[in-house]
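Heads up: the structure comes next, in structure tokens.
The values are calculated or read from the model by the stated rules, or taken from the named source; none is laboratory data. Only a predicted model underlies this, so the values are computations on that prediction, with no experimental measurement involved. Reconstructed Cβ throughout: ideal geometry from the backbone, glycine too, with neighbour counts over all protein chains shown.
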Amino acid sequence: MSFTDRVKIHVQGGRGGHGCLSFRREAHTPKGGPDGGNGGRGGDVLLIADEQLTDLTPFRTRVHHKAQAGAAGEGRNRHGRNGDALEVHVPPGTRVLRDGHEVAMLMEPGDTVPVARGGIGGVGNRAFRSSTHRAPRTTIPGEDGEEAWITLEMRLPVAVAIIGLPNSGKTALLNALTGANATVAPYPHTTDEPALGPLEDAFGVIHLVADLPGLAADGTERRGAALGQLERAAVVLHCLDASDPEDPAERLARVRAGVARYMPEGAREVVVGTKCDLAPAPPQADFATSAETGEGIAALRDELIRWLS
Ligand SMILES: Nc1nc2c(ncn2[C@@H]2O[C@H](COP(=O)(O)OP(=O)(O)O)[C@@H](O)[C@H]2O)c(=O)[nH]1
Ligand SMILES: [Mg+2]
């Protein structure tokens with residue numbers, strides 16, 4: 001299964017029902033008065049945060065979301081019923097963007113926002129009757145519902161993000177710190193999807209740790225990367241491979257430039273020397289660790305728990 005954290009969807013409110021053109025017809029009143037009713041309002045499209053959902057994958061194949069139209073008015077002064085709202089369920093942590101600007105954020109289950117209003121119902125000819133105008137043929141059609149392309153972005157509640165170049169030991173570090181069982185592989189770009197593991201703090205609260213791959217070896221962001229998941233992190237663990245012969249300062253700078261646009265303000269960046277069983281940690285490292293021997297892992301975990309508690 002793959003992880004989707006950004007989709008573009010089309011939303012459209014229901015059309016308003018048309019106003020009706022009608023005259024009363026009864027056996028003994030050949031020239032009955034106007035009795036066309038009004039159209040109903042179109043339904044709104046609503047987004048609702050639903051804790052059953054964990055990502056935006058269903059929207060890859062469900063792109064168009066249109067609410068029900070209002071019913072047309074009818075003779076005998078009957079007004080059309082309003083269209084039902086369309087409730088579109090999204091995972092908590094979904095941000096809504098329109099034209100590149102955030103218009104809503106749905107954090108808690110049950111949070112609801114309208115994203116496309118239904119059209120106003122039309123007006124039937126009955127409404128145009130007056131003392132001077134007894135047989136109006138005027139009606140107003142229902143209005144179109146509002147329509148828009150919107151972008152949904154999901155942000156996981158990531159407390160600790162692990163970043164670094166491909167093959168720098170990010171996944172191995174995640175597994176060592178949290179007991180997660182994500183795939184560690186001796187080649188770059190095993191996946192561009194985040195891997196997650198839990199870390200329990202001193203109060204028994206679980207914090208989410210995420211391995212965020214997605215940078216290419218040159219530090220640029222790969223297509224489909226989920227690096228935006230960085231944005232809610234309180235601590236960023238920056239993996240620096242001790243066994244890599246390339247200049248460590250230069251490698252750090254490359255990764256920092258690659259994630260700069262997502263780096264949360266006020267987040268604590270910690271440089272973690274990895275694979276220290278193979279070579280001594282570079283001087284830039286705040287911690288020297290080895291996922292292989294377990295060196296430094298407990299000390300780093302203790303520090304993380306202290307910061308998060
Ligand atoms: N010797 C040693 N190898 C490691 C260590 N951590 C990771 N590796 C190896 O380095 C390679 C890349 O690790 P991985 O965690 O998949 O890197 P990622 O691409 O940053 O997620 C794999 O072959 C791992 O077995 C370590 O602490 N010591
Ligand atoms: Mg990996």
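Looking only at residues in the range 104-124 that are in a strand (DSSP E or B) and within 18 Å of Asp5 (Cβ to Cβ), the one that is farthest from the chain's Cα centre (by Cα) is Ala104. Does Pro166 meet the test of being in contact with a helix residue (DSSP H, G or I) (Cβ under 7 Å, 6 or more places away or on another chain) and within 16 Å of ligand 1 (Cβ to nearest atom)? So Pro166 does not fit the description; no. Considering the range 250-309, the residues that are buried (at least 16 other Cβ atoms within 10 Å of the Cβ) and among the aromatic types (Phe, Trp, Tyr) include one that is farthest from Lys170 (Cα to Cα), namely Tyr262. Total residues in the range 258-309 satisfying the condition of being assigned to a helix (DSSP H, G or I) and either closer than 22 Å to Asp218 by Cβ or hydrophobic (A, V, I, L, M, F, W, C) (or both): the figure is 13.
Residue by residue through the range 191-235, note down the ones that are outside any loop (DSSP other than H, G, I, E, B), within 16 Å of ligand 2 (Cβ to nearest atom) and aliphatic (A, V, I, L, M). Steps first, please.
Restricting attention to the range 191-235, the residues satisfying the condition of being outside any loop (DSSP other than H, G, I, E, B) are 195-200, 206-211, 215, 221, 227-232, 235.
Checking the rest, the ones that are also within 16 Å of ligand 2 (Cβ to nearest atom) come to 195-197, 209-211, 215, 221, 227, 229-230.
Matches in the range 191-235: Ala195, Leu196, Val209, Ala210, Leu215, Leu227, Leu230.
Per this entry, Pro188 is not counted among residues that are within 13 Å of ligand 2 (Cβ to nearest atom), part of a loop (DSSP other than H, G, I, E, B), at negative phi and within 21 Å of the chain's Cα centre (by Cα).
Taking the conditions exactly as written (within 15 Å of ligand 1 (Cβ to nearest atom) and either at pLDDT 95 or above or in the same structural domain as Glu108 (by TED's automatic domain parsing) (or both)), does Leu152 satisfy them or not? So Leu152 does not fit the description; no. Apart from one condition, Ala249 fits all of (1) within 23 Å of His189 (Cα to Cα); (2) touching a residue at least 60 places away in the same chain (Cβ under 8 Å); (3) part of a helix (DSSP H, G or I); the exception is (2). Here Ala176 does not qualify as touching a residue at least 24 places away in the same chain (Cβ under 8 Å), part of a strand (DSSP E or B), crowded, with 19+ Cβ neighbours inside 10 Å and among the aliphatic types (A, V, I, L, M).
Comparison of Asp277, Asp286, Asp302 shows that the only residue that is more than 16 Å from ligand 2 (Cβ to nearest atom) and touching a Ser or Thr at 6+ places or on another chain (Cβ under 9 Å) is Asp277.
Taken as a whole, the structure places Leu208 among residues that are buried (at least 18 other Cβ atoms within 10 Å of the Cβ), more than 15 Å from ligand 1 (Cβ to nearest atom) and without any contact (Cβ under 8 Å) to a residue 60 or more places away in the chain.
Of the listed requirements (1) surrounded by fewer than 21 Cβ atoms within 10 Å (Cβ to Cβ); (2) touching an Asp or Glu at 6+ places or on another chain (Cβ under 7 Å); (3) at negative phi, Gly224 misses just one: (3).
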